[in-house]
Amino acid sequence: MPNMDPKKTAMPVQEPNVRNKNFNEVALGYTYEQAVNEAKRCLNCKNKPCQSACPVAIDIPSFIERVANEDMEGAYKIISESSSLPAVCGRVCPQENQCEGKCVRGIKGEPVGIGRLERFVADYHREHSTAKAEVPESNDHKVAVIGSGPSGLTAAGDLAKLGYKVTVFEALHLAGGVLVYGIPEFRLPKSIVQKEIDNLKDLGVDIETNMVIGKVITIDELFDMGYEAVYVGSGAGLPRFMGIPGESLNGVYSANEFLTRINLMKSYREDSKTPIQHGKNVAVVGGGNVAMDAARSAKRLGAENVYIVYRRGMEELPARKEEVEHAEEEGIIFKTLTNPIEVLGDENGKVKGMKCVEMELGEPDESGRRRPVVKPNSEFVLDIDTMIMSIGTSPNPLIRSTTPGLETNKHGCIVTNGDDGLTTREGVFAGGDAVTGAATVILAMGAGKHAAKAIDEYIKNK
Amino acid sequence: MKLFRIVKKEALNPTVGKMVIEAPLIAKKAEPGQFVILRSNEDSERIPLTIGDYDREKGTITIIYQIVGGGTMELDRKKEGESLHDFVGPLGVASHLEGLKKVAVVGGGVGCAIAYPIAKKLHELGSEVHSIVGFRNKDLVILEEDFKAVSDKLVMMTDDGSYGEKGLVTHALENLIGEGNQYDEIIAIGPVIMMKFVTEVAKKHNIKIVVSMNPIMIDGTGMCGGCRLTVGGETKFACVDGPDFDGTLVDFDEAMKRGGMYKEFEQHAREAECNLLKKEVE
């Protein structure tokens, strides 16, 4: 008999006023009983609408059925067939727009907590399973993967399972890409990312850090070294700025820099050797997940007032709903329908304020969202000492500028042929933010997955 | 795990050290003007350092560093035979040195470590090289013999006149131009304030001026945006657009302010590192 509670089993979390002072994980995860209870809310629909909305097409009803029957290892096996990083996805996927958005239980109540169950299964496996991954039989073909973010790791995992000898090249000193430099510890503990990476290594994947492809080795040279195909998952690149006066003042960060200092370099710790400004009044410009991460990190560094400054309304915020709710609970102040026009500095070149205008929503624009327009005579100054720009990125130039024949579009994104990620260079595939511009972890994983399949076919048919 | 072994280490003066690092892949590709990012230990800060020299056969990269903060003190405590935890490069765009007939290379302080490979490459390419190198005093002079070997003319300047001629590099540059030397280009590398004033001289005489910027940086690969500069009114990133820029377009005053962003933290880190040293001595 299914559990007909219209609401999801609540997720235990740290109290908002406790967690906004530490970097430990906010959501604590289901207990065994809570997971089984939530799994019983699934109606096991025959047509599986949830699965069709998952970018990596996990057989969701089947894994949830295993959880309901307390076969956690069985559930893990089903998820693993489709996803290389379940502990990560269970935490950071925008489920409300994907699987949970299509859940039948969501029509008259709350959808099944699919993300929470996925997280539970992955965590349970990590804590209880001692079984080592089986190293597949080698097929003697070599593939190079550029970038060890979600897209590259997914492609590497899928190819390794097919018997390919995969080398992942990472520019930074640590593997994980945005999972280690971008997403904060309180949302995605780095020990979990490390474990997922160790799993790939157990499958025989080589990870070479400190390797900037395009500089130390070019893509052409990778082919000379015997790699038969290359997957480019180099991610999003340079941060965008607004082009308003004062953006070079001390105290203006890009979200990338602010988060990299905190997450990769651990500057939130007392003993870190990398500095960061602990602002008292902080404005984060932008409304996406990255903006929420930056705002909540600034709060945890001890800021008294942290503002999200966004030019559209609350309804239009592109961030995951849960992140917005968590941010509000933690005391982040939302200044929506507000746009900065100038950063003000003191005589030492430090930020002391931000001149803004109020906005109102006009006619829908090409994105379908209502276009924000400036309200006349609405100028005001927000007192701040730190400003974090989180308005997106443009793709990294290192690979396109050193790979002849690799076509990019006017934004600098690598051009690919449909879902397979085939670029204009034979044997070179690409996916993730390097192709789409800044998007989500799961879309990058989906691209890695499709490309791995396409690479397998390409090498087999060569 | 890859090892970046310190093949050789020497002190060039009391505050400047030199290390030759085993990094064959980087040595194969390095060009003058490019840089590396290193971390001495697993918990160290990432430090960008310009490539001082490279040996493609031996597979080594030479770095020259001024011991100024916690990070460089930590680096300097490493001994010959030990290894650096991380060493990545070559980063940045190489200097464009082809086709120049006569060039003035101006180096200030530890900036001479970057100026030297440029002078050397120009010499190899057959350019006439006039090097002007400046230091605060005699004790801080580095690379004199190296510069001599690759320069058609070498002018040594010290602020206090304790070695070479007394005065600033800009004076020497003015003198050389005044003597009728016609340069295709001036390349200036050193403290931002020095590059600013060399640029003024170049502008006055309508000579092309290239400066090498060394701003605060984290990843060095075009991700964090910390190294941004205003060049010709636009935001540029030293790590992927530079580090060389047309001096007449660089907003030096802004770059100086941005360079001082973490002064207090650095002061603190330096003290912490000194205390650590003291303890070891005791």
Picking from A:348, A:305, A:339, A:281, the residue that is of a type in the set (S, T, N, Q), open to solvent by 40 Å² or more (accessible area, probe 1.4 Å), away from every other protein chain (no Cβ under 14 Å) and touching a residue at least 24 places away in the same chain (Cβ under 8 Å) would be A:305
Answer with yes or no whether residue A:314 is hydrophobic (A, V, I, L, M, F, W, C) and more than 27 Å from residue B:46 (Cβ to Cβ).
-> yes
Counting only residues that are surrounded by 15 or more Cβ atoms within 10 Å (Cβ to Cβ) and either within 9 Å of another protein chain (Cβ to nearest Cβ) or modelled with pLDDT of 90 or more (or both), how many does segment B:261-272 have?
-> 5
Does segment B:59-73 include one or more residues that are at the interface with chain A (Cβ under 10 Å from one of its Cβ atoms), in a helix (DSSP H, G or I) and modelled with pLDDT under 95?
-> yes
Conditions (1) in contact with a Lys or Arg (Cβ under 9 Å, 6 or more places away or on another chain); (2) over 21 Å from residue A:175 (Cβ atoms); (3) in a helix (DSSP H, G or I); (4) not polar (S, T, N, Q): number failed by residue A:293 | (2)
Elements of type strands (runs of 3 or more DSSP E) in segment A:193-261, at least 1 residues being open to solvent by less than 30 Å² (accessible area, probe 1.4 Å) and over 24 Å from residue A:416 (Cβ atoms) | A:252-254
How do the pairs read when you match residues in segment A:155-166 that are without any contact (Cβ under 8 Å) to a residue 40 or more places away in the chain with residues anywhere that are part of a loop (DSSP other than H, G, I, E, B), using Cβ under 6 Å and keeping only pairs 6 or more apart or on different chains?
-> A:163/A:136; A:163/A:137; A:163/A:138; A:163/A:139
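Conditions tested, residue by residue: (1) more than 21 Å from the chain's Cα centre (by Cα); (2) touching a residue at least 12 places away in the same chain (Cβ under 8 Å); (3) assigned by TED's automatic domain parsing to the domain that holds residue A:116.
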{"residue": "A:63", "(1), (2), (3)": "yes, yes, yes"}
{"residue": "A:67", "(1), (2), (3)": "yes, yes, yes"}
{"residue": "A:73", "(1), (2), (3)": "yes, yes, yes"}
{"residue": "A:80", "(1), (2), (3)": "no, no, yes"}
{"residue": "A:84", "(1), (2), (3)": "no, yes, yes"}
{"residue": "A:91", "(1), (2), (3)": "no, yes, yes"}
{"residue": "A:96", "(1), (2), (3)": "no, yes, yes"}
{"residue": "A:99", "(1), (2), (3)": "no, yes, yes"}
{"residue": "A:103", "(1), (2), (3)": "yes, yes, yes"}
All strands (runs of 3 or more DSSP E) inside segment B:212-260 with 1 or more residues being over 16 Å from the mean Cα position of the chain (by Cα) and among the β-branched types (Val, Ile, Thr) | B:228-231, B:234-237
Please state which one of A:405, A:418 is among the small types (Gly, Ala, Ser) and within 24 Å of residue B:222 (Cα to Cα).
-> A:405
Take the residues in segment A:392-421 that are modelled with pLDDT of 90 or more and open to solvent by 60 Å² or more (accessible area, probe 1.4 Å), then tell me which one is farthest from the other protein chains (Cβ to nearest Cβ).
-> A:407
Scanning segment B:230-248 for residues that are more than 14 Å from chain A (Cβ to nearest Cβ) and touching a Lys or Arg at 6+ places or on another chain (Cβ under 9 Å), which turns out surrounded by the most Cβ atoms within 10 Å (Cβ to Cβ)?
-> B:247
Assess whether residue A:144 counts as being open to solvent by 10 Å² or more (accessible area, probe 1.4 Å), touching a Ser or Thr at 6+ places or on another chain (Cβ under 9 Å) and of a type in the set (A, V, I, L, M).
-> no
Of all residues in segment A:362-396, which are under 15 Å from residue A:257 (Cβ atoms) and free of Cβ contacts under 8 Å to residues at least 40 places away in the same chain?
-> none
Which residue out of B:64, B:6, B:51 is touching a residue at least 60 places away in the same chain (Cβ under 8 Å), farther than 30 Å from residue B:196 by Cα and open to solvent by less than 50 Å² (accessible area, probe 1.4 Å)?
-> B:6
From B:93, B:88, residue being over 14 Å from the mean Cα position of the chain (by Cα), open to solvent by less than 10 Å² (accessible area, probe 1.4 Å) and within 13 Å of another protein chain (Cβ to nearest Cβ) = B:88
Please work out which one of (1) in contact with a helix residue (DSSP H, G or I) (Cβ under 6 Å, 6 or more places away or on another chain); (2) open to solvent by less than 10 Å² (accessible area, probe 1.4 Å); (3) touching a residue at least 60 places away in the same chain (Cβ under 8 Å) is the condition residue B:219 fails and give its number.
-> (1)
Qualifying residues in segment B:11-43 (those that are over 14 Å from residue B:94 (Cα atoms) and touching a helix residue (DSSP H, G or I) at 6+ places or on another chain (Cβ under 6 Å)) - the one nearest to the other protein chains (Cβ to nearest Cβ) | B:40
Among the residues of segment A:351-372, which ones are acidic (Asp, Glu) and open to solvent by less than 60 Å² (accessible area, probe 1.4 Å)?
-> A:365
Residues of segment A:11-38 satisfying the condition of being exposed (fewer than 14 other Cβ atoms within 10 Å of the Cβ) and not in a loop (DSSP other than H, G, I, E, B) = A:17, A:18, A:32, A:33
Options B:186, B:114; residue that is closer than 30 Å to residue B:221 by Cβ and either without any contact (Cβ under 8 Å) to a residue 40 or more places away in the chain or assigned to a helix (DSSP H, G or I) (or both) | B:114
Residue A:270 vs. criteria under 19 Å from residue B:257 (Cα atoms) and either open to solvent by 10 Å² or more (accessible area, probe 1.4 Å) or not in a loop (DSSP other than H, G, I, E, B) (or both) = no
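Yes/no matrix, rows are residues, columns are (1) open to solvent by less than 20 Å² (accessible area, probe 1.4 Å); (2) within 14 Å of chain A (Cβ to nearest Cβ):
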residue: B:142; (1), (2): yes, no
residue: B:146; (1), (2): no, no
residue: B:152; (1), (2): no, no
residue: B:157; (1), (2): yes, no
residue: B:165; (1), (2): no, no
residue: B:178; (1), (2): no, no
residue: B:182; (1), (2): no, no
residue: B:208; (1), (2): no, no
residue: B:228; (1), (2): yes, yes
Residue A:445: open to solvent by less than 40 Å² (accessible area, probe 1.4 Å), hydrophobic (A, V, I, L, M, F, W, C) and in the same structural domain as residue A:248 (by TED's automatic domain parsing), yes or no?
-> no
Taking residue A:440 and the conditions (1) in contact (Cβ under 8 Å) with a residue 24 or more places away in the chain; (2) more than 14 Å from the chain's Cα centre (by Cα), which numbered condition does it fall short on, given that it satisfies the others?
-> (2)
Out of segment A:248-278, which residues are under 23 Å from the mean Cα position of the chain (by Cα), among the small types (Gly, Ala, Ser) and facing another protein chain (nearest Cβ under 7 Å)?
-> A:254
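The values are calculated or read from the model by the stated rules, or taken from the named source; none is laboratory data. Since we're looking at a predicted model, the values are computed, not measured. For neighbour counting, all protein chains shown are included, and Cβ atoms are generated from backbone atoms with ideal geometry for every residue, glycine included. Please note that ligands, DNA and RNA were not included when accessible areas were found on the heavy atoms of the full protein model with its side chains. Shrake-Rupley method; radii C 1.70, N 1.55, O 1.52, S 1.80 Å.
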